[in-house]
1. With both partners inside chain A, how many of the DSSP beta bridges are antiparallel, as a percent to the nearest 5?
2. So how long is each side of the stretch A:167-220 along the principal axes, counting just the alpha-carbon atoms, biggest first, in Å?
3. Would you please give the FRET efficiency between A:N36 and A:D519, computed as 1/(1 + (r/R0)^6) with r the Cβ-Cβ distance and R0 = 56 Å, to the nearest 0.05?
4. Tell me the angle of helix A:515-530 to the major Cα principal axis of chain A, expressed in degrees between 0 and 90 and rounded to the nearest ten.
5. If I histogram all Cα-Cα distances within the stretch B:4-152 using bins 10 Å wide from 0, what percent of pairs lands in each bin?
6. Sort A:Y462, A:Y7 by Cβ crowding within 10 Å, fewest neighbours at the top.
7. In nanometres, what is the gap between the two model label sites at B:D62 and A:L74, each 7 Å from Cα along Cα-to-Cβ?
8. What is the list of residues in the stretch A:1-45 whose amide nitrogen lies under 14 Å from a point 7 angstrom out from the Cα of A:I57, following Cα to Cβ?
Amino acid sequence: MNSQGYYHGKLNEMKSRHSDDPDRERWRRETLAPWNQKTGYDGKEFFNSSEIPIKEIYTSRDLPADYEKRELGLPGEYPFTRGIYPNMYRGKLWTMRMFSGFGTPEDTNRRLKYLIAHGESGLSIAFDMPTLYGYDCDNSRADGEIGKCGVNISSLKDMEVLFRGIDLSKISTSMTINAPSAILTAMYVAIAKKQKVPMDSVSGTVQADILKEYIAQKEWMYPPEAHIRIIRDMMTYCSANLPKWNYISISGYHIREAGSSAVQELAFTLADGFYYIDLGIEAGLPVEKFAPRLSFFFNSSIDFFEEIAKMRAARRIWATVLREKYDVKDPRSLLMRFHTQTSGYTLTWQQPINNIIRTTIEAMAGVLGGTQSLHTNSYDEAWALPSEEAVKVALRTQQIIAEESGIPAAIDPLGGSYYVEWLTTQMEEKAYEYFDRIEKMGGMLEAIKKGYIQKEIAATSYRRQMRIESGEEVMVGANKYQEANEKPIGILRISKKAQNAQLDRLKKVKATRDQAKVDAILSRLEDAMKDPNENLMPHYLEAVEAYCTLEEISNAGRKVFGGWKEPVIV
Amino acid sequence: MQGGRYLADGKSQSLFRDKPIKVLLAKPGIDGHDRGMFVLARAFRDAGMDVLYAGLLPTPEDVVNTAVNEDVDVIALSLLNGAHLTVFKKVVDLMKERGIDDISVVGGGTIPDHDRPKLERMGITGNYGPGTPLKVIIDHITERAAEARLRKNRI
């Protein structure tokens, strides 16, 4: 397979199919211009987040002549622009999956059960910062951070409490964890074993997308190569043992929150996805078999049509590249399944109730974009983790879209809109421009290590901030229609009690476990880390089951692999 | 806060004529939310300041050491992880311990209203939340830098 220059060729092909619309030119001259003159139009131009200029009107001439047949198609058929399933939401609604976690495992266990009782259909766990970086609650750096941004997990004991009374054979769980994802996966497997759930029905997702950590979220423990090796081990282990476990959720969400445009989110996320495809192939896994285990995670921001176009373009690019460049034949292996979360960045600290409206618009874009699952942010999240009341409004927002609005009735209802289809091709083309550039730089890992991707995002973020500062871009309540002396809202507070409870539990775990066994396992783990041909997953499983702590297990890697300093971005 | 008068009588211009305001941007907790830091770094630079960024996950000790070694005027702390009361305090406590009084400390991030007076009492001012105009932040840094510079120049 000669794939060198594939993206460049693709780009040229797309560009060769552009055409003008003479009738629109005539209309601009004869109808629009006199009208603008008469009404005193100030010549204002319109752009979306990707700085793509938006025309006044779109026509069939904005699309290539054979577009409907070649690029649009029908749902459940290649290239899946209109959705990955033949019946989409008519058959099954998207999964309503609310990202939750705060305080102690007891606190979060109660919140999970509250959400299940109110109709949530899948779990999604948020961890606190120490957990995300692989530190235990008794590390001095974790002081003041326990349970603040999510639930704290220091050992398997905490996971046992987190899932107490929740049947893992009946619900799927998504865990937003990256650097220590293999360790948390091992803990989840250990809980499933205790609940006697057969391994082939353990279902869920672990984020494990380390590339976007170096790009955007900045939660790593080791150098990229070490984390990539651990992901490879997880891919191999899960392919053989956990057939329903999605071991990487390739995430654009954080790239967008870090300040990228929609096009950059699309391009960098898919470039990461192709990197993981290459990684699996290198590990000797058949691409047809492992591609379906990779899922995606997108941001749905406030520019409504741009978001919908982005999601439609994402499905089409993924299927096209897998088929044309990677020679994947089984259509089931071409499907891009993705989760969507509404944008945190668009929420304002000012007049927070307005955030309900923003989230509604963004959630609708996710549904019209064909998402498989959805998290809706709560109106108080610019301030803190959501209160119970706020999170219920967010869940109800999804339920109203699902069961009142009529949106799910027809599949891809915006398909065929000249504007949305044109925008879909624009997003696609600009993504291929980035793929081409990244390939020429030596691939995604190189582009990240050079800081190129991070700098692109920081530059976009800065330009947007300048537009907000000047008032060119409006955030209602924040830079326009402000109110003096707003009344404060009630927000969730995490008390220091959570930290103390976690410290007590960890102390007890350390006092009651078999220390000699722990030492022996950790030393074997270090040896295994030194041998790149050894799969680390069985070692992680053995370690968590013996109640080695998250930090102890992470430290084995810190010793063997070392740390990582990011390139200078500013 | 009495910094405003330095600006008002035009002293700040002459204070920074030979050496521009030097700011250290730092996220001293376990927190990777750096979007705002990058925006501030560029905006401060565009405003003529000399800007340092402490990088990812510096300890409070790292922050104070860098600030002293680089002789900055202002440390600008940011956290979006809810740990500001504990972690910002560690920075100012260390400074107090070491008798450093010629560096001002300002804060920002997701800081709820009810925490702001507590931070002010520690000498950490600003404590701006999302949506604050850059100009407000730059003016505040300039005021606090003037205070620090006057203390640096007192001998």
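1. On the way: 1 of 30 bridges.
Within chain A, antiparallel bridges account for around 5 percent of the total.
2. For the stretch A:167-220, the Cα spread along each principal axis is 38, 17, 15 Å.
3. Details: r = 78 Å, r/R0 = 1.40.
With a Förster radius of 56 Å, E is 0.10.
4. Between the helix axis and the principal axis of chain A, the angle is about 40 degrees.
5. Whole-percent P(r) values from 0 Å outward: 11, 46, 36, 6, 0.
6. Working: A:Y462 19, A:Y7 23.
Fewest to most other Cβ atoms nearby, the residues stand as A:Y462, A:Y7.
7. Each label point lies 7 Å from its Cα, and together they span 5.8 nm.
8. Counting backbone N atoms under 14 Å from the label point, the list is A:21-36.
Read-outs: derived from the displayed coordinates by stated rules, not from any lab. This is a predicted model, so every value here is computed, not measured. With ideal geometry, Cβ positions are generated from the backbone for all residues, glycine too; neighbour counts draw on all protein chains shown.
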